[in-house]
Each structure stands twice: as C-alpha cells, then as structure tokens.
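Student: Have a look at the structure that comes next, please.
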Amino acid sequence: MIIELLNHYARSHDFTKSQLHGAYRKKRQLLKDYGFDFKIKNSFDLYTFEIISRGFENEQAINDAINLLKNQNEDVLRHLNYQERQRFFHQEIGRIVENLPCFSYGCDIYIPYYNRKVNEYIVSDYEALGLKKYQLILKNPDRNQLDIFKHYGLAPYAGDFCDLERLGENDGRVAFYSREFNLIYFISKEDLQIQELVLKDKWFKGDYTREQIETLAGMIISDEDDILIYDYLAQENLLSDKFIKKTEKKWRK
C-alpha cells in the first residue's frame with residue numbers, strides 16, 4: 001500500500017523532542033496532581049494531552065471567576081431565589097467563556113473530559129452542578145482518550161482544543177494534518193485506530209503546499225488507486241529522485 005511505502009522511506013521524527021512533548025513535560029505533574037495521569041505512547045497522544053490541558057485551563061478559569069463573583073456578590077446572592085441566581089450566573093458565566101476555546105457538540109463544550117450535560121449546565125444552570133449526581137462527575141472526570149472519544153467522537157480534535165487541522169473524511173475515517181510532525185493522521189471514527197502518513201521521503205528537500213496536502217489526503221480517504229496517488233506525487237515533484245529510483249520498478253510490477 002502507498003502509505004506503507006512512503007512511511008518506509010520517510011524522514012524519521014522523534015516526538016519526544018517536539019515542542020508539544022516539552023509542554024507535556026512541563027504540565028504533566030500539575031495534571032497528575034488532579035488525577036490526570038496517562039502515558040504518552042505516540043505523537044497523537046500529545047494532542048489528546050493538549051485537549052485535556054486546555055480543558056483543565058478552561059475549568060480553572062471558570063472556577064476562579066465564579067469564586068470571585070461569589071465573594072464579591074455574597075450579600076446579593078443570599079437574597080436571590082434559585083431562578084434569580086440561575087439568571088445571574090448564566091449572564092456572568094457567558095461573559096467568562098466568551099474568549100475560551102470550545103467546540104460544538106449539541107452545545108458549546110468547554111471542558112471535554114466532562115459529558116455534554118455538565119458542559120451545558122456550566123453555562124446555562126451553574127447552580128444545578130451542586131446536585132450530588134453532578135458533584136460525583138466533577139470529582140471523577142473522564143481522564144483518558146477513549147472516555148473523551150466515547151462522549152464526543154473526534155470533534156475535540158477538530159476544534160480549538162488542539163493544533164491539528166482537519167483535512168477531510170469519509171464514512172469510516174477522518175484525516176488530520178499535524179504541522180508539528182509534518183504528517184497526516186487517518187483516524188477511524190469507530191474505534192480511534194490511527195494510521196500515520198509521514199510527508200516527505202528522507203531525501204526530499206522541498207515542502208508540500210496546503211493544497212497538495214489536502215489533495216493527497218483526499219485521494220487516500222477516497223480510496224484512490226495507489227498507482228494514481230504515486231503518479232500524483234511524482235507529477236507534483238513531491239518525491240525525491242532517489243525515492244523514485246528505489247521504488248518505481250517494484251511499484252509497477
């Protein structure tokens with residue numbers, strides 16, 4: 001298959017030396033203190049970390065702002081009934097979250113390790129989160145990749161929570177581009193299985209344009225014939241002469 005051929009002669013990349021991994025090393029102890037302790041096994045795991053990290057930052061920003069509001073308006077809140085407090089927090093929290101990263105999944109999701117109902121109540125009915133059933137969720141968030149996937153599928157990876165760029169999809173897979181690692185991820189919608197395609201063979205000195213990256217991803221997502229994909233890369237001068245020399249005869253047998 002064309003992906004295996006390209007990856008075999010690809011430029012190697014060590015994800016542990018990336019900026020993303022550096023950010024992970026800086027923040028992992030803080031997140032671990034709050035119960036988020038997971039191992040980074042590959043480059044894609046770093047984007048899950050990025051989603052959890054930004055969600056954690058959102059939660060901290062919301063909680064800090066609400067605690068400040070409560071302290072500053074203690075006397076006022078004491079004299080309000082439930083519906084009045086609900087309106088008060090809805091208005092104030094709306095201002096708080098206005099500039100926070102989020103993605104849409106039936107409602108705006110600001111903290112992806114909580115389910116949709118909790119995220120909805122954060123903005124629309126903050127007081128309801130004091131109920132016992134929601135307190136249990138808040139104290140035991142979903143801490144791993146599969147839990148987040150269970151709630152939201154691949155939506156968090158296409159939003160503001162990580163730096164992946166969505167390229168396209170078919171019925172079974174979604175393609176994302178990583179600038180950090182210069183590769184394309186093809187991810188199963190059903191079970192989160194990941195196939196990587198590293199751009200550039202190890203002798204290629206040029207760069208792909210955004211249009212070329214999108215076209216390549218689209219051809220693979222559309223299950224185009226491998227020969228057509230190979231020919232496209234050759235015609236666009238995206239393969240080194242050495243790569244072509246090493247592969248063309250085998251490829252065309």
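The values are calculated or read from the model by the stated rules, or taken from the named source; none is laboratory data. Since this is a predicted model, take the numbers as computed values, not measurements. No Cβ is skipped: glycine too gets one built from the backbone with ideal geometry, and neighbour counts run over all protein chains shown.
Student: Restricting to region 207-222, count the residues that are in contact (Cβ under 8 Å) with a residue 24 or more places away in the chain and among the acidic types (Asp, Glu).
Tutor: Count: 1.
Student: What are the pairs, 6+ residues apart or on separate chains, where a residue within region 59-84 that is more than 15 Å from Glu127 (Cβ to Cβ) and in a helix (DSSP H, G or I) has its Cβ under 6 Å from a residue that is at pLDDT 85 or above and of a type in the set (A, V, I, L, M, F, W, C)?
Tutor: Filtered contacts from region 59-84: Glu59/Ile111; Ala65/Ile96.
Student: Go through the residues of region 31-43 one by one and say whether even a single one is assigned to a helix (DSSP H, G or I), in contact with a helix residue (DSSP H, G or I) (Cβ under 6 Å, 6 or more places away or on another chain) and either at pLDDT 90 or above or surrounded by 13 or more Cβ atoms within 10 Å (Cβ to Cβ) (or both).
Tutor: Checked region 31-43: at least one residue is assigned to a helix (DSSP H, G or I), in contact with a helix residue (DSSP H, G or I) (Cβ under 6 Å, 6 or more places away or on another chain) and either at pLDDT 90 or above or surrounded by 13 or more Cβ atoms within 10 Å (Cβ to Cβ) (or both).
Student: Mind listing whichever residues of region 107-130 are among the basic types (Lys, Arg) and closer than 19 Å to Glu57 by Cα?
Tutor: Arg116
Student: Another question, then. Mind checking whether some residue in region 108-115 is surrounded by 15 or more Cβ atoms within 10 Å (Cβ to Cβ) and in a helix (DSSP H, G or I)?
Tutor: no
Student: Something else now. If you scan region 204-236, which residues turn out to be among the small types (Gly, Ala, Ser) and outside any helix (DSSP H, G or I)?
Tutor: Gly206, Ser222
Student: Can I ask one more? Quick check on region 14-21. Is at least one of its residues among the small types (Gly, Ala, Ser), in a helix (DSSP H, G or I) and not assigned by TED's automatic domain parsing to the domain that holds Lys246?
Tutor: no
Student: Assuming Ala23 fulfils every condition listed in (1) surrounded by fewer than 13 Cβ atoms within 10 Å (Cβ to Cβ); (2) more than 24 Å from Val118 (Cα to Cα) apart from one, which condition is it?
Tutor: (1)
Student: Right, another one. Hey, among Phe186, Phe204, which residue is touching a Phe, Trp or Tyr at 6+ places or on another chain (Cβ under 9 Å), in contact (Cβ under 8 Å) with a residue 24 or more places away in the chain and either polar (S, T, N, Q) or under 18 Å from Ser12 (Cα atoms) (or both)?
Tutor: The unique qualifying residue is Phe204.
Student: While we're here: Just checking, how many residues over region 85-105 are in contact (Cβ under 8 Å) with a residue 12 or more places away in the chain and either surrounded by fewer than 12 Cβ atoms within 10 Å (Cβ to Cβ) or among the small types (Gly, Ala, Ser) (or both)?
Tutor: Residues in region 85-105 being in contact (Cβ under 8 Å) with a residue 12 or more places away in the chain and either surrounded by fewer than 12 Cβ atoms within 10 Å (Cβ to Cβ) or among the small types (Gly, Ala, Ser) (or both): 2 in total.
Student: Here is a further query. Of the residues Arg54, Arg78, Arg11, Arg85, only one is charged (D, E, K, R) and closer than 30 Å to Glu248 by Cα; which?
Tutor: Just a single option satisfies the conditions, and that option is Arg11.
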